[in-house]
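*Asks:* Next up is a structure, given as structure tokens.
The values are calculated or read from the model by the stated rules, or taken from the named source; none is laboratory data. What you see is a predicted model; the values in this text were computed from it and never measured. When we count neighbours, we look across all protein chains shown, and the Cβ atoms used for this are built from the backbone with ideal geometry, even at glycine.
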Amino acid sequence: MFIINCPYCGERDQTEFSCGGEAHIERPKQPTELSDDQWAEYLFMRKNIKGIQFERWNHIHGCRKWFNVVRDTSNDKIHAVYKIGERPPIK
Amino acid sequence: MKNKYSIFSLIKNALSGHENWQRAWRDPEPKKEYDAIIIGGGGHGLATAYYLSKKHKMTNIAVVEKGWIGGGNTGRNTTIIRSNYLWDASAGLYDHALKIWEGLSQELNYNVMFSQRGVMNLAHNLQDVRDLKRRTHANRLNGIDAVWLNTEEVKKFCPIINTSQNIRYPVLGGTLQRRAGTARHDAVAWGYARGADEMGVDIIQNCEVKGIKRNGNTVEGIETTKGFIKTKKIGVVAAGHSSVIANMAGIRLPLESKPLQALVSEPVKPIIDTVVMSNAVHAYVSQSDKGELVIGAGTDSYVSYTQKGSHNIVEETLRAILELYPIFSRMKMLRQWGGIVDICPDASPIISKTQVKGLYFNCGWGTGGFKATPGSGDLFAHTIANDEPHKLNAAFNLNRFVSGDLVDEHGAAAVAH
């Protein structure tokens, strides 16, 4: 339970948003050439980090736009918010 | 040798003011080397150590736990035990556990308070009815007791349920597994710890794993807050922190860790003598022997290791509880807590070897691991001792995410993921 600063609407309660999981998982450019291992990696394997995690959120009960959040999963503190397509402001 | 617990030992110790009870387990310092190390001193980890020493005669083993035993999800769950899962593989796995539960107190000489009070799963829409009837048939084909109850039979079995057809999600029926029930979760951890300790297993508490040492593709030992411990076999049973350990070993897992909440009410006189679960409205409730209502809520939708969980999740659950049980409307909730559950994409666990020699994972139990504790320990011990899975956990390998042989149990997992 926390506040998320939507880049389009400003600060709103987390319940207005839906989490889309880990960010920056690139969709395979040549899906037909992927091996089973590569498919498993893309579809199922996750970093599931305890600490600073990059993730996607959707302001589902607001502007309905997707964006990225940098959050510390060990204390739910949000370190940065940035739009889709932008580079992460934190390494 | 442990003294046997009995009515006589109880009387004897009562007369001496309960000051002479034997320690249930030692508190040893880690040795330099073990034949196998289990990471995680919850129910599953302790059960694994117990069966490794009992059935596979591996006694030079240790369980390392970063906190105290049973202080994680083992002591945080809602203690429900059942085996009414849909697929053959799951039915085999969970019913194996249920069969061990039935004799566990005697086997461990420790009262785990296993109570076969029945578990009822409610249906609130036509798809629920179809799915639950299908699951009942599948259960019976697998030799698992399951019956379908219509609305009147549900009301008869648990009279405090509101079966009015005028509520938002009316009760259209439900399934009942009579062999299912509950157990005292702390006692399970303590009983297995005592049993494992008796056979020589070192249970090392307050010992956090900081790293896994590999030599090429083989494990060599673990770095801990109490120093380096050498071993050839590592069994990881770290629940919500499985991915953290996997990261230390340099392997990837298909898990996401999320807070799952539960809460208990003030204690009241006996009012509900079974366990009732409702998947669709997300409310499940039973009553502890102390009289508290034990209520399970849902998971948060995002990854978090905070062991808290959000208020809106609790609100949603209590809203559903109140519609189904108007009689609880003036009860006060005493405590609320969260535990971190590691969820697999197919809502089934992983009990498996990995690509690293000597490294085994037992994880991904998600929201429903407690019920499987004895079976999980037994099968994981078999997997570690033989370096091959038992036929009952062969389907729950890590490779299923590559081969596509998923065991989709979202319907039977009860807590929506």
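*Asks:* Looking for whichever is out of contact with any strand residue (DSSP E or B) (no Cβ under 6 Å at 6 or more places or on another chain), farther than 29 Å from B:Gly309 by Cβ and not in a loop (DSSP other than H, G, I, E, B) here; the options are A:Glu26, A:Glu86, A:Glu41. Which one fits?
*Replies:* A:Glu41
*Asks:* Please specify each residue of segment B:83-113 satisfying the condition of being out of contact with any strand residue (DSSP E or B) (no Cβ under 7 Å at 6 or more places or on another chain) and either at pLDDT below 95 or aromatic (Phe, Trp, Tyr) (or both).
*Replies:* The answer is B:Tyr85, B:Trp87, B:Tyr94, B:Tyr110.
*Asks:* Which ones in segment A:1-35 are buried (at least 18 other Cβ atoms within 10 Å of the Cβ) and either under 12 Å from the mean Cα position of the chain (by Cα) or at the interface with chain B (Cβ under 9 Å from one of its Cβ atoms) (or both)?
*Replies:* Those that are buried (at least 18 other Cβ atoms within 10 Å of the Cβ) and either under 12 Å from the mean Cα position of the chain (by Cα) or at the interface with chain B (Cβ under 9 Å from one of its Cβ atoms) (or both): A:Gln14, A:Phe17, A:Cys19, A:Ala23.
*Asks:* For segment B:340-351, enumerate the residues that are out of contact with any Asp or Glu (no Cβ under 8 Å at 6 or more places or on another chain) and crowded, with 21+ Cβ neighbours inside 10 Å.
*Replies:* B:Ile340, B:Val341, B:Cys344, B:Pro349, B:Ile350, B:Ile351
*Asks:* When you scan segment A:36-55, how many residues do you find that are more than 17 Å from the chain's Cα centre (by Cα), surrounded by fewer than 17 Cβ atoms within 10 Å (Cβ to Cβ) and within 9 Å of chain B (Cβ to nearest Cβ)?
*Replies:* Count: 3.
*Asks:* Does at least one position in segment B:204-223 carry a residue that is under 25 Å from the mean Cα position of the chain (by Cα) and within 30 Å of B:Ser286 (Cα to Cα)?
*Replies:* No; the residues of segment B:204-223 include none that is under 25 Å from the mean Cα position of the chain (by Cα) and within 30 Å of B:Ser286 (Cα to Cα).
*Asks:* Criterion first (closer than 24 Å to B:Met199 by Cα, within 19 Å of the chain's Cα centre (by Cα) and among the basic types (Lys, Arg)) does B:Lys66 satisfy it?
*Replies:* Criteria met by B:Lys66.
*Asks:* Is there a residue being closer than 18 Å to B:Gly43 by Cα, of a type outside the set (Ser, Thr, Tyr) and more than 20 Å from the chain's Cα centre (by Cα) anywhere in segment B:228-241?
*Replies:* Scanning segment B:228-241, I find at least one residue that is closer than 18 Å to B:Gly43 by Cα, of a type outside the set (Ser, Thr, Tyr) and more than 20 Å from the chain's Cα centre (by Cα), so the answer is yes.
*Asks:* Is segment A:56-64 home to any residue that is within 7 Å of another protein chain (Cβ to nearest Cβ) and either surrounded by fewer than 18 Cβ atoms within 10 Å (Cβ to Cβ) or of a type in the set (Lys, Arg) (or both)?
*Replies:* No.
*Asks:* What are the residues in segment B:8-53 that are without any contact (Cβ under 8 Å) to a residue 24 or more places away in the chain, part of a helix (DSSP H, G or I) and within 29 Å of B:Thr78 (Cα to Cα), if any?
*Replies:* Within segment B:8-53, just B:Leu10 meets the criteria.
*Asks:* Okay, moving on. Of the residues B:Lys353, B:Lys308, B:Lys371, B:Lys357, only one is under 15 Å from B:Asn77 (Cβ atoms), in contact (Cβ under 8 Å) with a residue 24 or more places away in the chain and of a type outside the set (Val, Ile, Thr); which?
*Replies:* Being under 15 Å from B:Asn77 (Cβ atoms), in contact (Cβ under 8 Å) with a residue 24 or more places away in the chain and of a type outside the set (Val, Ile, Thr) holds for just one of B:Lys353, B:Lys308, B:Lys371, B:Lys357, which is B:Lys371.
*Asks:* Could you name every one of the strands (runs of 3 or more DSSP E) located completely within segment B:267-384 that has at least 2 residues being farther than 26 Å from B:Lys55 by Cα and more than 14 Å from chain A (Cβ to nearest Cβ)?
*Replies:* B:275-278, B:283-287, B:293-299, B:333-343
*Asks:* Read through the list (1) hydrophobic (A, V, I, L, M, F, W, C); (2) in contact with a Ser or Thr (Cβ under 8 Å, 6 or more places away or on another chain); (3) surrounded by fewer than 17 Cβ atoms within 10 Å (Cβ to Cβ), then give the number of the only condition that B:Val219 fails.
*Replies:* The single condition B:Val219 does not satisfy is (3).
*Asks:* Pick from B:Phe361, B:Phe370: which is over 14 Å from the mean Cα position of the chain (by Cα) and modelled with pLDDT of 95 or more?
*Replies:* B:Phe361
*Asks:* Checking B:Gly71 against (1) part of a loop (DSSP other than H, G, I, E, B); (2) crowded, with 16+ Cβ neighbours inside 10 Å; (3) touching a residue at least 40 places away in the same chain (Cβ under 8 Å), only one condition comes out false. Which one?
*Replies:* Among (1) part of a loop (DSSP other than H, G, I, E, B); (2) crowded, with 16+ Cβ neighbours inside 10 Å; (3) touching a residue at least 40 places away in the same chain (Cβ under 8 Å), B:Gly71 violates only (3).
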